[in-house]
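Contents: one structure, followed by commentary.
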Amino acid sequence: VHVGKGDLPPTAVRKVVGDKLYVGYTVNSLEELKAAQDLPIDYLGFGAIYPTTTKEDYELVGVEALREAVRISQKPVVCIGGIMPYRVEEVIKAGCRNLAISAGILGFEDVKKATEEIKRAYSKALKQLLLLGKTQ
C-alpha cells in the first residue's frame, strides 16, 4: 500500500493492514524524509526526481537530493517522478536501487519494449557499478 500526502496517515494505514502488507509513504524533501524515519512504514517514495507528466502539482527534488536521501535514510528509498529508460543509469549511480516508473512505461506505445529498455538500462548500470566496486 503506498500512501500519499492526501491519504490516510501511515500510522492509520498500518493499523488497518498490520504486518501483512508493505506500507510506503511519499516524501518530497530531505526534511520530510528525515521526519518520516520513525513512521511505521517499510519504504519511502522520494521525488519528483525529474519533471513528470503523471502529476500536475509536484516538487522537483533532483538527483543530488536523491543521492543524499539514499545516504541518510534508514528505510529503502524508491525514486519517483520522471523516471524514463534514459534516466535509469543516473538514478542507479545516485545510489537508488528501487524505481517507481509510470509514464516511462505507459507513456510509450509499445509498453513491452519500454519495459525491456528499462530492464536493460537497470542491469547495465548495476553491472557497471559492480565492475567499479560500488555496490552500496
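The numbers here are math on the coordinates, done by the rules we state, and not lab data. These figures come from a predicted structure and were not determined experimentally. Positions of Cβ are backbone-derived with ideal geometry, glycine not excepted, and every protein chain shown enters the neighbour counts.
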Seminar exercise, completed: Ranking A94, G47, N28 by how far each Cα lies towards the positive end of the charge dipole of the chain (+1 on Lys and Arg Cβ, -1 on Asp and Glu Cβ), the top one is A94
Exercise. Among all helices in the chain defined by DSSP H, which have a length of 27 Å or more along the axis from Cα atoms plus a Kyte-Doolittle mean of at least -1.0?
Worked result: 111-132
Exercise. What's the exposure ranking of I49, I92, going from fewest to most Cβ atoms within 10 Å?
Worked result: I92, I49
Exercise. Which distance in nm do the two modelled labels at Y22 and K127 give, with both placed 7 Å along the Cα-to-Cβ direction?
Worked result: 2.5
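Taking only pairs that are 8 or more places apart or on different chains, how many Lys pairs in the chain have Cα atoms under 14 angstrom apart?
Qualifying lysine pairs in the chain: 7.
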For this session: Kindly identify the stretch 2-132 as rounded, prolate or oblate by the Cα gyration tensor criterion: order the square roots of the eigenvalues as a ≥ b ≥ c, call it rounded if a/c is under 1.5, otherwise compare a/b with b/c, prolate if a/b is larger, else oblate.
Result: prolate
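Using the count of nearby Cβ atoms within 10 Å as a rough guide to exposure, how do T115, T53, T26 rank from fewest to most?
Placing the least packed residue first, the sequence is T53, T115, T26.
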For this session: Work out, step by step, the length gained on full extension between E31 and V111: first 0.36 nm times the residue separation, then minus their alpha carbon distance; give nm to one decimal.
Result: 25.3 nm
Exercise. Build a GNM of the chain with springs between Cα atoms under 10 Å: which of V78, V111, V63 gets the top mean-square fluctuation?
Worked result: V111
Exercise. Taking the Cα centre of the stretch 2-132 as origin and charging only Cβ (+1 Lys, Arg; -1 Asp, Glu), how large is the dipole, in debye to the nearest 20?
Worked result: 520
For this session: For the chain, set up a Gaussian network in which alpha carbons nearer than 10 Å are linked by springs, and say which option among V77, V91, V16 fluctuates the most.
Result: V16
